[in-house]
């Protein structure tokens with residue numbers, strides 16, 4: 001009986017200090033949280049010039065409240081988003097003890113030393129970005145064990161040695177970036193859907209294995225042999241030069257004939273521009289016509305100031321959302337390519353990931369993953385059910401997720417991205433009701449047609465900050481105001497702007513009396 005009473009008192013004490021049953025599973029026999037210990041080891045190995053790690057406390061049992069640390073609903077650390085924080089020093093091997101980690105973003109710091117092979121123990125890791133640091137040594141072969149990894153960037157470091165075959169053979173990667181290092185030796189076959197190995201001077205392909213690594217072959221020639229060889233080289237050079245000139249002339253002639261036929265003989269046929277943008281997939285306009293049922297009105301998911309969004313089904317049964325932008329003449333090819341590339345590089349679990357694009361002379365389209373639970377605005381509206389689809393726990397989780405997404409846009413993107421239209425309709429919900437910020441970067445994309453004008457007001461009435469309306473100048477504060485209105489919507493369930501129905505109040509949510 002005494003034992004039961006002691007256990008009950010101890011359990012109440014643990015709950016009082018914030019130790020839940022989920023966090024108890026992370027405690028060692030000595031009461032130390034494994035994840036806290038791993039994070040503190042990381043902190044001790046880093047130099048923190050701007051004191052961004054000051055809140056990491058060894059006496060805390062809950063790292064989920066720490067800056068740059070994201071946790072699952074069960075209380076496990078699932079993300080470390082530490083990009084562009086001025087961190088130096090080394091990366092501790094204890095990173096391998098964060099067994100639930102899915103996202104690790106450390107790009108654009110000054111971290112050095114080897115990449116810990118212990119990262120290969122993170123079996124749930126989906127995104128790994130260590131680019132823009134000073135890591136040296138070889139790429140750990142252990143990274144090849146991360147079969148669930150979809151995004152791997154190690155570019156702009158000082159890595160040397162060969163590309164490990166286990167890493168090259170990761171077939172689930174959407175993008176692999178090993179560019180601008182000191183890698184050498186033969187290049188293995190890379191199975192990632194898209195990859196970059198540019199800027200590695202000592203890499204060589206299988207076609208030039210005899211000169212692999214830049215090591216010259218032994219030469220033993222007499223002077224006469226050298227003269228003969230030089231003469232032969234001169235003759236070969238002349239032949240190659242004449243041949244290249246002839247081939248180039250023929251190619252130009254063929255291109256001119258093709259252009260003439262397409263312009264004057266076949267009429268104005270809509271063609272897709274042939275270029276790629278990083279790891280994004282380029283779709284043909286015909287593919288998207290088929291996927292959306294020729295942009296059938298039955299497949300419309302929503303529409304707004306940027307365009308109409310259609311539900312689409314790809315041949316591999318992937319469900320996507322296709323945004324058909326309004327007024328496709330707003331930007332030229334180069335501007336579109338530049339801005340879409342910037343949007344595509346913004347990768348965060350609380351941002352809507354750009355999956356692909358389509359560009360023709362008449363169309364501009366962006367392709368995103370389909371969000372099965374729609375938007376926050378959809379879920380907050382009266383659904384005719386006794387029980388709301390968003391309970392308070394979900395609403396709090398949505399508020400935190402949207403805040404993390406906006407923080408990433410403002411402080412971890414380079415250059416930063418100002419959303420300019422933060423609202424409930426632009427916060428989407430995945431299958432787990434995780435908040436995903438959508439439509440970021442599109443305001444700037446649409447402003448490319450007036451690149452010299454920076455005061456065009458974009459946004460939705462009821463969500464626009466007063467100073468933005470009066471000056472036309474947007475900033476992070478503009479988005480923070482919109483986020484505040486979003487919080488009001490989450491708390492009250494009311495629309496930001498209500499036109500009224502003759503019975504209720506009308507006006508903005510800030511004008512309403514909720515007392």
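Only one of 170, 154 is within 19 Å of residue 192 (Cβ to Cβ) and touching a helix residue (DSSP H, G or I) at 6+ places or on another chain (Cβ under 8 Å). Can you tell me which?
On the way: 154 fails: touching a helix residue (DSSP H, G or I) at 6+ places or on another chain (Cβ under 8 Å).
Just one listed residue meets the conditions, 170.
Has the range 435-456 got any residue that is part of a helix (DSSP H, G or I) and at pLDDT 80 or above?
no
Of all residues in the range 68-101, which are within 20 Å of residue 434 (Cβ to Cβ) and surrounded by fewer than 16 Cβ atoms within 10 Å (Cβ to Cβ)?
72, 73, 74
Which ones in the range 401-416 are at pLDDT 85 or above and either more than 18 Å from residue 349 (Cα to Cα) or in contact with a helix residue (DSSP H, G or I) (Cβ under 9 Å, 6 or more places away or on another chain) (or both)? First the steps, then the outcome.
Residues of the range 401-416 that are at pLDDT 85 or above, as a first pass: 401-411.
402, 403, 406, 409, 410, 411 - these are the residues of the range 401-416 that are at pLDDT 85 or above and either more than 18 Å from residue 349 (Cα to Cα) or in contact with a helix residue (DSSP H, G or I) (Cβ under 9 Å, 6 or more places away or on another chain) (or both).
Select, from 378, 421, 391, the only residue that is touching a strand residue (DSSP E or B) at 6+ places or on another chain (Cβ under 9 Å) and at pLDDT 80 or above.
After applying the criteria, what remains is 378.
Taking the residues in the range 303-353 that are in a strand (DSSP E or B) and loosely packed, with under 15 Cβ neighbours inside 10 Å as candidates, determine which candidate is modelled with the highest pLDDT. Full working, then the answer.
From the range 303-353, those in a strand (DSSP E or B) are 303, 307-313, 319-325, 351; that's our starting set.
So of that shortlist, the ones also loosely packed, with under 15 Cβ neighbours inside 10 Å come out as 303, 319.
Numbers: 303: 76, 319: 91.
That would be 319.
For residue 398, are the conditions met, namely being in contact with a helix residue (DSSP H, G or I) (Cβ under 9 Å, 6 or more places away or on another chain), assigned to a helix (DSSP H, G or I) and at pLDDT 85 or above?
yes
Regarding the range 46-54, can at least one residue be identified that is crowded, with 20+ Cβ neighbours inside 10 Å, assigned to a strand (DSSP E or B) and at pLDDT 85 or above?
Yes; the residues of the range 46-54 include at least one that is crowded, with 20+ Cβ neighbours inside 10 Å, assigned to a strand (DSSP E or B) and at pLDDT 85 or above.
Please state which one of 153, 145, 158, 141 is under 15 Å from residue 126 (Cα atoms), touching a residue at least 24 places away in the same chain (Cβ under 8 Å) and more than 21 Å from the chain's Cα centre (by Cα).
From the options 153, 145, 158, 141, the qualifying one is 145.
The values are calculated or read from the model by the stated rules, or taken from the named source; none is laboratory data. This one's a predicted model, so the numbers in the text were calculated from it and none came from an experiment. All Cβ positions, even for glycine, are placed from backbone atoms using ideal geometry, and neighbour counts span all protein chains on display.
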